[in-house]
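*Asks:* Shown below is the structure under consideration.
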Amino acid sequence: MSEKKLIGTYHPIYGFLTEENCVLGEQMLFLTNDFNHVTEQHLSPYFFPNFNQSESFASIIKEIEKKHETPVLFVMYPDKESVYTDYFPLKLSNFQRPSMQLITHTNQLLSSKSSKCIDLCPVAHGFRHNCTDKLLYFRFDTHMNYFAGMLFTKEILQSIGAILNRTLTLDVTSFAWKTQRFSGDLWHSLSTNNQSYYTKYDDDLLLDTFEPKYKMLEDMPEPYHNQGRAGIITINEELCEQKLVALVFRDSFTDTCIPFLSTALYKVVYIWGHGEINEQIIREVQPDIIIIAHVERFLQFLPLHYVTAA
């Protein structure tokens, strides 16, 4: 029987093999392009950081902090390409991360010692350097897995603790793990032939069934809905003495952090949206800290929009 081979189209500029919106790596799939031009951000020598974005980020963060007397933590989740450059089917010396420069520049512009921005890519690289047997991203999906969600949550908690002068810990004893193939968003773009090629990989790290320590409230009020998605509110009664409330404006990359962040904090309100910060929700929630969390590839084009209350 002949060995299975990947079948696709070669990218006209970079030469890697593609199918629909997928870069076909030997062991992983990556995103070729979306409206945020993910390939160009990482590979094109002509793609530069948009420093107007960092000036806008800093200005809005300062405004929110001043108006609500609440610190802001801006979190950047790294793209899969940034963490698994060695799995990407193209070796370039100029692989770049313009969004990293945006975060650095934004931090320089923030005069407040309370609010800050963090880039989680060094955390992922540090983990990979010390642990080679666990993946942090799904092989066939653009998103990070739950193990990365746990790892990144620990870093987020450390940053929150430093800002609020609190000691925050994450009890992971209730979590268990299992390995199997995760057929994610990129997988469904593949032909039957290419899916068959990748079936030999079944080691995605998934969160096994667990009993959460927190309760998830249902029937969200209308103000907590955004862009067609309902908000999520979790309360961990075991931490009733902690009483720390976090408000998270987020995209889909926070999904795998929710079990861990909600385990470690008394109350967390998660609001879906790409850059929309709603003043009405901030007033209603009265959080101790506001977290704005987005994946790296969005930041070049993501306009933070502060929606003020009437």
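Values in this text are rule-based calculations from the coordinates and carry no lab data. As the structure is a prediction and not an experimental result, all values here were calculated from the model. No Cβ is skipped: glycine too gets one built from the backbone with ideal geometry, and neighbour counts run over all protein chains shown.
*Asks:* For MET28, what residues show an amide H to amide H distance below 5 Å, using hydrogens built from the backbone and excluding near sequence neighbours?
*Replies:* Distant-sequence amide H within range of MET28: zero hits.
*Asks:* Equivalent ellipsoid semi-axes for the stretch 62-187, as square roots of 5 times the alpha carbon gyration tensor eigenvalues: give them largest first, rounded to whole Å.
*Replies:* Equivalent ellipsoid of the stretch 62-187: 29, 21, 12 Å, largest first.
*Asks:* Between the stretch 63-126 and the stretch 1-44, how far is it from one alpha carbon centroid to the other, in angstrom?
*Replies:* Each part's Cα centre sits 25 Å from the other's.
*Asks:* Contact order normalised by length for the chain, with contacts defined as Cα pairs under 8 Å and 6 or more residues apart; what percent is it?
*Replies:* Working: 563 pairs, mean separation 64.9, N = 310.
Across the chain, relative contact order equals 21 percent.
*Asks:* Here is a further query. For the stretch 1-70, which trypsin sites (Lys or Arg not before Pro) are in a loop by DSSP, counting at most 16 other Cβ atoms within 10 Å? If you can, show how the numbers build up before the last one.
*Replies:* Values: sites: LYS4, LYS5, LYS62, LYS66, LYS67; in loops: LYS4, LYS5.
When the trypsin sites (Lys or Arg not before Pro) of the stretch 1-70 are filtered for loop state and at most 16 Cβ neighbours within 10 Å, LYS4, LYS5 remain.
*Asks:* By how many nm would the segment from HIS188 to ASP251 grow when fully extended, if each residue of separation counts as 0.36 nm and the alpha-carbon distance is taken off? Intermediate values should be presented prior to the final figure.
*Replies:* Working: separation 63, 0.36 × 63 = 22.68 nm, distance 2.08 nm.
The span from HIS188 to ASP251 would gain 20.6 nm if fully extended.
*Asks:* Let me ask another. Past 29 Å, Cα to Cα, is the threshold; run LYS91/LYS113; LYS80/LYS116; LYS5/LYS134 against it and keep the listed order. Let's see the in-between values first.
*Replies:* Details: LYS91/LYS113 39 Å; LYS80/LYS116 23 Å; LYS5/LYS134 26 Å.
Violating the 29 Å limit, Cα to Cα: LYS91/LYS113.
*Asks:* Can you work out D for the stretch 104-158 in µm² s⁻¹ from Stokes-Einstein, where Rh is the Kirkwood radius over C-alpha pairs, the temperature is 10 °C and the viscosity is 1.306 mPa s?
*Replies:* Working: Rh = 12.9 Å.
The calculation lands on 123 µm²/s.
*Asks:* Net charge near LYS243: determine it from the other residues with C-beta under 15 Å of the C-beta of LYS243, scoring Lys and Arg +1 and Asp and Glu -1. Walk me through the intermediate numbers first.
*Replies:* Working: positive: ARG166, LYS267; negative: GLU237, GLU238, GLU241, ASP288.
It works out to a net charge of -2.
*Asks:* Among DSSP beta bridges whose residues both lie in the stretch 170-310, state the antiparallel percentage, nearest 5.
*Replies:* Values: 12 of 26 bridges.
Among the beta bridges of the stretch 170-310, antiparallel pairing accounts for roughly 45 percent.
*Asks:* Right, something else. Which values of log₁₀ I(q)/I(0), to two decimal places, follow from the Debye formula for the stretch 177-252 at q = 0.17, 0.19 Å⁻¹ with a uniform point scatterer at every Cα?
*Replies:* Log10 I(q)/I(0), no solvent term: -0.92, -0.98.
*Asks:* Pick out, in residue order, every one of the GluC sites (Glu not before Pro) in the stretch 39-136 that is DSSP loop and has at most 11 other C-beta atoms within 10 Å; say none if there are none.
*Replies:* Working: sites: GLU40, GLU55, GLU63, GLU65, GLU69, GLU81; in loops: GLU69.
Those that pass, being in a loop and sparsely packed, are GLU69.
*Asks:* What are the radius of gyration and Dmax of the stretch 32-112, computed over its Cα atoms and given in Å?
*Replies:* Final numbers for Rg and Dmax: 15.2, 47 Å.
*Asks:* Follow-up. Place +1 on the Cβ of every Lys and Arg and -1 on the Cβ of every Asp and Glu in the chain, take the dipole about the Cα centre, and give the residue among LEU73, LEU206, GLY149 whose Cα lies farthest towards its positive end.
*Replies:* The residue sitting farthest along the positive end of the dipole is LEU73.
*Asks:* Then there is this: Of all beta bridges DSSP finds with both residues in the chain, what is the antiparallel percent, to the nearest 5?
*Replies:* Values: 20 of 44 bridges.
That works out to approximately 45 percent antiparallel.
*Asks:* When N is the residue count of the stretch 154-206, what does its C-alpha Rg come to as a fraction of 2.2 N^0.38 Å? Mind showing how you got there, number by number?
*Replies:* Details: Rg = 18.6 Å, N = 53, 2.2 N^0.38 = 9.9 Å.
Compared with the compact-globule rule of thumb, the stretch 154-206 sits at 1.87.
*Asks:* From zero outward in steps of 10 Å, how is the percent of C-alpha pairs of the chain spread across the bins?
*Replies:* Percent of pairs per bin, in order: 6, 26, 33, 24, 10, 2, 0.
*Asks:* Could you give me the percent of Cα pairs per 10 Å distance bin for the stretch 147-286, shortest bin first, beginning at zero and ending with the bin that holds the maximum distance?
*Replies:* Going out from 0 Å in 10 Å bins, the stretch 147-286 shows 10, 34, 32, 17, 6, 1 percent.
*Asks:* With both bridge residues required to lie in the stretch 1-123, what share of the DSSP beta bridges run antiparallel, to the nearest 5%? Don't skip to the answer; put the middle values down first.
*Replies:* On the way: 7 of 11 bridges.
Beta bridges within the stretch 1-123, antiparallel portion: roughly 65 percent.
*Asks:* Neighbouring Cβ atoms within 10 Å as the yardstick, rank HIS294, HIS105, HIS129, HIS188 fewest first. Working shown, then result.
*Replies:* Numbers: HIS294 23, HIS105 17, HIS129 8, HIS188 12.
Exposure proxy ranking, most exposed first: HIS129, HIS188, HIS105, HIS294.
*Asks:* Just flag the GluC sites (Glu not before Pro) in the stretch 190-271 sitting in loop per DSSP whose Cβ has no more than 14 other Cβ atoms within 10 Å. Please report the intermediate quantities before stating the final value.
*Replies:* Values: sites: GLU218, GLU237, GLU238, GLU241; in loops: GLU218, GLU241.
In loop regions of the stretch 190-271 (DSSP not H, G, I, E or B), the sparsely surrounded GluC sites (Glu not before Pro) are GLU218, GLU241.
*Asks:* Run lengths n ≥ 4 of DSSP H only: what is the helix-derived mean residue ellipticity at 222 nm for the chain, with -39500 (n - 2.57) per run over all residues, to the nearest 500?
*Replies:* Values: 9 runs with 90 residues, N = 310.
Helix contribution divided over all residues of the chain: -8500 deg cm²/dmol.
*Asks:* Still on this structure, please answer the following. Give me the one-decimal Kirkwood hydrodynamic radius in Å for the stretch 241-288, with the sum taken over alpha-carbon pairs. Don't jump to the answer; show the numbers that get you there.
*Replies:* Details: mean 1/r = 0.0882 Å⁻¹.
Averaging 1/r across every pair of different Cα atoms and inverting gives 11.3 Å.
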